[in-house]
Structures are given as structure tokens and as C-alpha cells.
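Following: one structure in C-alpha cells, then a few remarks.
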Amino acid sequence: MNPLLAQFLAEADDLLSQVDEGLLRLEREPHDADLVNEVFRAAHTIKGSSGLFDFPELTRLTHAAEDLLDAVRGGRLELDATMTDDLLAAFDLMRGWLAHVTTTERLPSSANADGAVLIGRLRAPLGGQDSPAPAGHGPQAAPAPAATAPQWVGALGEEWLETTASWLEATSASLRFVRYTPEEDCYFRGEDPLHLLRQVPAAERFVPVTPAAWPQAAEYDEYACLLSFVLATRAATGELEYLFRYVPEQVEIADLGATALTRLLAGEAAAVAEAGIRLGDAEQAQDARALLEAALHVLSALPQEAAARAARVSSVERAVQSVARALGRDVEFPAHDAESVEAAARALLAALETAVVAEEAVPAPAEETVRSLAPAGPAEETAPAALHPADGAADGGKVGSRTLKVEQEKVDRLMELVGELNVAKNALTFLAASAEEEFGNRILGRRIKDQYAGMHRIAEELQAAVMDVRMLPLSVAFARFPRLVRDLGRKLGKSVELVTDGEDTMADKDVIEALGDPLVHLVRNSLDHGVEAPRVRVEAGKEATATIRLTAVSDGDAVVIEVADDGAGVDPERVKRKAYEKGLITEEQLETLPEAEAVNLLFLPGFSTAETVSDVSGRGVGMDAVKASVERLGGTVTMRSERGAGTVVRLRLPLSMAVTQVMVFSVAGQRFGVPVDAVVETVRVPAGEIGRVLRQEVIQLRGEVVPVVDLAGTLRMPWSPAGATRDVLVMWVGGQKVGLLVERFHREVDVILKPMEGLLADHPAFSGTALLGDGLVLLVLNMKEVLGVAAHAA
Amino acid sequence: MPLTLRDNTATITGTLTVEEVEPLAGWLRSTDRPRVNLRGCTHLHTGALQLLLFFRPTVVSRPLDPFLSTHIMPLLGKRNKELEASS
């Protein structure tokens, strides 16, 4: 779907509920001027936006509702219950139409008829010309045949028309006349106009109209449909509408009686047509003008991006075309670009002005007679009760995408329940084990395991589904930056353009929310320290306007977000010197630290390179704060910088924090867990192969020396390894491999990690607890801190 | 095959679909004084009708199909007569 249309649908949905709510409240407090204003504005917005699309019926109906509301607003009318009913019905009808548009991108074929009835009712209190049907009128009253015939009817041949006119005269009957102009490329859509026309029931006469000028034989394209068709039939308008329901915009239907045909034959109608524009009533002219002005407005503010631009131009083009058609004019666009569309719109506006003047001077018999797929416009006298607004509502459901707004607590509750289901599910494996070991029933154990496998699958799917509900696009996190960059840029006197990419990458809501602050920090840093002043940039041979780029891509279970600027980059020498001055590194490190690693010093607590502390950033709580919060989310931060060319900070975060896969092992009889992400491998080495380097136990793994930490010792648990082999869990922590001496390996489990609470809340060595299937509480280690404690102890 | 192309006569039988429009167009382009037999034709694709209206071959046999015979034939016939009268 055209993005503009999708946006309109989503907006219209909100506006319609606003209108509904407003109207209902207005009924209770009819004199609340603000309320009237609110409803009026919402209706006005719908009307304005609807003009961008080919929905003339929608525009007309909102227009009528808007007029009524305007009268109420101006105090010329007192809103009564009937009016409220009519207004509500009108907006309900729109909702139905929009639901139809959501699925088919066009209005239901009954839109014109339904709309006309409501427009009549809405206009009635205004004393409008379109009064509703008189009370005595039966519900079956047929729409009156139009008074003038469109020119194209002439294609049916004078002789035949004369005969038909006299027959219709004698019988006071009418015929339906149809003009069907298939689009040139209709064959490519599998349409066969002739086949469609064969199905017209009771066709009296059928004439294919050949184009005024055939192309040269050499240029003749057999796949371009150049024919149009005119036919006369005894079939009812409803039948025709049904038949042509897929191509309503290519079909004109007119219900004509003898008078109209005679007039046509007498050449009277020609006079109207020669005015250039066939004007309906003043209302139509006004609508047309509003539409054209809206079109010009859109053209004046086209987006830069080519695809969006093209989409907008083509939708404006369609709008202009439909206005032209409603006015009985043909527009040609020499090229499908903004200029030619604009020129056409201006030409139509100009023609409209002159036509209005002409109209006022000579009151022509200008009853609107032909509309796309409807016999009569405002004069239609169908019984008001015969409305069927449910028509659209029933087949479409909700306007816009079918979304459900749910409170977050409910989703969180669902997630919690999934977690508990996981725990309960995990209990089955323990049950299976005890069936085998305690009760000696292997078969029962096997069966329980089978059951477990089934439940496991379902639970995983359920979990994935619930996680999916919690997923949000990163555009949510990016949304505040355009404004932030603009404001900060102005404040710092720097000219910066923000480019965002991959906004539709999805991540868990918690991640997105937690990401906000670090990202703000990074963008501020880039603006403040990275991007140079325009003068400096020009001197360095760069464009005066800097670019800050926010990019998000998903990478397996993680999402990678980059904040990149094309600023000055980081000066490694200065960073090192500064770190040394602040006592963060030793003199030796100052000499030996490679430049590439120098940037990582920025992440050390208490580091700030800005010469002056500005109010933008640089209070010494810079990058280390970012690093800490990203790591709290289970992510990593890396920074890459090139002097003079810019800096890239890359955040890598898990897509979801709700469920963690944990590897369970035990030490000294106590079970612990570590996130599986960090696990590299599990190895069993002979006890004799554990060596010592300095005071650190190490093992050699495929030529690599890996330090081994005795977890029991670190946590002061009484356990010393026995037997000839040692089990070592090798993990990747803080950029290096570390082994953990464990007693026994268990399995991987999916757990919902709960943060430590109460007295243990600040214990850094544990990142949380989880409930295991057998009811035990699992402590999940924060490996970084554990290593810190180990180093401290050693 | 709904379309049989001979030296100077094309015979259309049954339903002529959009697939046959191109061969018919090629044949009409390359044939001198083409003739078309529509006797057994029950439906023409719009593209084919347009071809017949454009190249105006001589229709040698009226279609039996009532719709084509009532509504389409007069047009093809008339055009041809007019053409002959004017040339």
C-alpha cells in the first residue's frame, strides 16, 4: 500500500474515534465551544487528507459533516439529537469505507449512494438544497433519470438514439448508458474489457469507440488498449455497478430518459460541455478547489528521498486526475513528474474560476448528472432509512492495520506466565529422572521425557510469540534524535545532519527503553567532541555540514546499533596523556599502549577529554556510563576512530532480555548458572595438566594459555577438586578467555532472570536469580565481577 | 488452437485469448489483403478486436455467436464497406 495512504488510514482511525468521543460528550454538554472546535478540527483534518486520494465520496461526506459542525460552532445551529445521530452515522459510514479501503484500497461501490443519503440528511438542518426525501415518498422510489445526457452517448449513433428517444418518450421509461474506458495497460492485469461487457445483461446497443487517431502501423502496440466502449442497457444501475465493481473509476453510468436524449440530439447539451468544465453545484466546485489547493500544497513540500517523492507525486497525480474527471475534463500529463502535475492542477484551478464566473452569469441547466458509477448526485431520493453503513464495516473490520492496543502490564504478565510454564516444564525432566532412579521405571521415565519434548516445543513457540508482541521498532528509540541534534547543533553553532537507517529493526521493548540514555549520551558526545565547528571543517577540506549516522541492524539474537560521525575522530596521543595525567594508566602503559587500544581508555571511569566542561556533555561521566548501562543490558560497546575522519561507536545488544539461556553447573554441591552466550566450551583436563603462571592456575588449550579460576575458592566455599580430572568451563569474559573450575556440569535451561532483591540487591557477583524446575533457586553469576573478586583474593 | 493462420486467411474458432493476440498481430502486419474467418469464434479478446478494427481485414464469414454477430460484426462490416467506398 502507498505509505501515504497507510498513514492516512492510521490517522483517520484515531481522528474518527476522536470525533465519536467528542460528539458523545457534546451531546451531554452542547454548549462547550472547545468541544465543538475539537470535533470540527478532526473532521476538517479527515477531509483535508482524504483529498489526496481518489475518494471523492469521502471528501464530499466529510465536507457535509464539516459544514454542519461549522454552523454549530458559529452558533447558527443548535445541535440536537437527530443531528448527532446523523453525524455519528456519517462517521460510522466513513469508518466502514476506510475499512474497505484498508483491504481493497478503494471505496465500496455503494459509497456514492450511501454517502449521498447522509449528505442530504446532514445538509437538511442547514436548509440546504439537498433536502431529504419527502415523507410520502415510498422507499422503493427509483432515482430520477438525469436531465442532460453526456456527450459520449452520441457514439451510439444518431439514428438509433432518435428511435430510442421516441420509444422512451412513449413509454416514459429510461435506459442506462455506460461508458467504459479501460486503462491502456489493462491487458497486463488480466482484464478483458470485451469479456466484461459481454456480461452486461439486456444490452440494447453496444459500440466500441476507436481512438480519434490510430497510431502508425509501425508503432501500433497490440498490448495497449486504445478502445473505449459505450453501451445502452435495460439493466439497473445496481447491476451495472456490481458488474463493473473492479473498475469503477473507468466507468461512467448515466440513467437517461427521452428528454435527455432529445436534448442531446438537439445539441443543447453541447453548450454545457463547451464551457470546458461541467460544474455540478457550488459545493462540488468548492470541493474541487479544496482538492486542487491541497494537491499544490503537497507538491510544494515534497520529500527529498526519491522513492517517497515519486509515491507522493503519483498519488497527487491521481487526485488531480479524479478532480478533472469529476469536472468532466480530461487531463494529460506529458510527463509523470511534479512539474506537469502542478501545471495540470493550476490549469484546472484557473478553469474552475472562469467556470464559476460563467455559471453565475448564465444559469445553465447544470444539474450534476454524471458521476463515476452513480446515476444521480445530491438529488438522489432514496429513503434515508435504506442506508446500510454496516455494508463496509462488515467486510473490513478495523480501519488501518488490525492492531490491538494492550497495556504493557498484560504482556508482562503473559511473559511471566510463560516463564513459569518454562519452570513447570523443566520440572518434568526431574520427574523423569526420579521415575528412573527412585522408582526404577525406565519406560515411565522415557514417556515423561517424550511429553517433555512436546511441551518444550510448544512452550518455546509460545515464548517466541509473546516476545514478538514485546518487540518494538528502533524508530521508537531514534525518534527523539532529529530534534535533539537540531537543537544541540544550534546551541553549539555546528551544522549537523542526522541520518538514521534501519529504524524498522525490531528489539525488545525493555532493550529499546534502556537504550535511550546511552544513545543520547553517544549522540551528544559526537556532537560535542566529534563534530568540529563548520569553519574548522571547511579548513580540513570537509563539507561544512557534518553527518551523524544512527544505524541499526539485527544480527542473529542481537541488534547492533552504530553511532557514527564524520568529525575529528579521537586523538590517541591526547587520550593516553590525559589518562596518564588522571592516573588511570601507568607511565609504562603510556609508552607501550598501541594507538588502536587507546580509544578504549575513553571507557574508563572518570575520563573526559573535553577542554572545557560544557553543558552538553563532558562531566566525566561520559563513556563509562554508556558502557556500564549497555553491559547491564548484556551488551557490548566498541569504539573505532580514525583521526580526522570520524568515530564509530558500536553497541551490540541482545534482542530480548526477558529470557536468558543459562548454563548450569555446580561447585561444592551448590548450583550456579552463567549466561550461555559467554560460554566458549567445556573441557575435561587431567589434573596434572593444570599449571601455574605467576600465582595463577592455567591450562593449555590447543596452544593457548587460559587462566583458570577456582570458583569455590573465590566464593569461599569448602571444596577441593578430587579425582584425576578437572572439569573446566571456558568462557569469554571482557575480551579474553577464562576457565572456571567446576565440580559438575548440568544442562542449559531457559530462565527468566530476576534481579537480586533485598539485602543481596547490591551483591555484584550475581546478576540475578532464577527458579529451577525442581524448586531450587539458581544463582546466576556475573562473571566479570567474579573475576574481579578472584583477582582481589589472589 | 483457436487461431489458424494460412497464407491470407486467418480462422478464429472458440475463444481467442490474449495469448493469441501477438501472433495475430504479426500475421496481420505481414499479410497482404488479409481475410479473417470468424464463423466459429465465440469470443475475441479486446486486444484482438482492436486489431481487427485497426487493420480492417476482410471478414469472410460472420460469427455464429449472437453477441459478436449483433454488436461487433456490424462495426467490422461497416468499416470495411466504408473503406471500400472511399478507396
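Worth a mention:
- Shape of region A:650-690, Cα gyration tensor, a/c cut at 1.5: oblate
- Cα shape, region A:660-793, gyration tensor, a/c 1.5 rule: prolate
- Placing R0 at 41 angstrom, the Cβ-Cβ distance between A:A453 and A:V499 gives a FRET efficiency of 0.30 after rounding to 0.05.
- The calculated FRET efficiency for A:E162 paired with A:V476, based on their beta-carbon distance and R0 = 45 Å, is about 0.05.
- Net length gained if the chain between A:L404 and A:A465 were fully extended (0.36 nm per residue, minus Cα distance): 20.5 nm
- As a rough footprinting exposure proxy, the listed residues B:H71, A:H100 were ranked by other beta carbons within 10 Å of their own, and the order from fewest upward is B:H71, A:H100.
- In chain B, the DSSP beta bridges split such that about 25 percent are antiparallel, to the nearest 5.
- Prolate/oblate/rounded call for region A:474-654, Cα gyration tensor, a/c under 1.5 rounded: oblate
- Rounded to 5, percent antiparallel among DSSP beta bridges of region A:660-793: 90
- Each of A:R189 and A:T586 was given a label point 7 Å from its Cα along the Cα-to-Cβ line. The distance between the two points is 7.8 nm.
- Charge sum, other residues only, whose C-beta stays under 12 Å from A:A81's C-beta, Lys/Arg counted +1 and Asp/Glu -1: -4
- Cross-link reach list, lysines versus A:K737, counting only Cα pairs under 29 Å and skipping chain neighbours closer than eight places: A:K576, A:K627, A:K754, A:K784
- Distance between modelled label sites at A:A236 and A:R684, nm, 7 Å Cα→Cβ extension: 8.6
- Charge tally in the Cβ shell below 13 Å around A:L161, where Lys, Arg are +1 and Asp, Glu are -1, A:L161 excluded: -3
- Residues A:L302 and A:S172, FRET efficiency given R0 of 51 Å [Cβ-Cβ distance, rounded to 0.05]: 0.40
- Here's the list of aspartates and glutamates a cross-link from A:K425 could span, going by alpha-carbon distance under 15 Å and ignoring same-chain residues fewer than 8 apart: A:E416, A:D450, A:E460, A:E461, A:E748, A:D750, A:D774.
- Taking a Cβ cut-off of under 14 Å around A:T500, the surrounding Lys, Arg, Asp and Glu residues balance to a net charge of -3, with basic ones at +1 and acidic ones at -1.
- Under the Karplus curve 6.51 cos²θ - 1.76 cosθ + 1.60, θ = phi - 60°, whole-Hz ³J(HN,Hα) for region A:690-703, x wherever Gly or Pro sits: 7, x, 9, 10, 6, 10, 9, 6, 9, 10, 9, 10, 6, x
- Neighbour counting of Cβ atoms within 10 Å sorts the residues A:I699, B:I12, fewest neighbours leading, into A:I699, B:I12.
- Residues A:R702, A:R176, A:R234 arranged by fewest to most Cβ contacts within 10 Å: A:R702, A:R234, A:R176
Coordinate-derived values only; no laboratory data. Predicted model only: the values in this text are computed from it and were never measured. Counting neighbours? That spans all protein chains shown, and the Cβs are built from the backbone with ideal geometry, glycine included.
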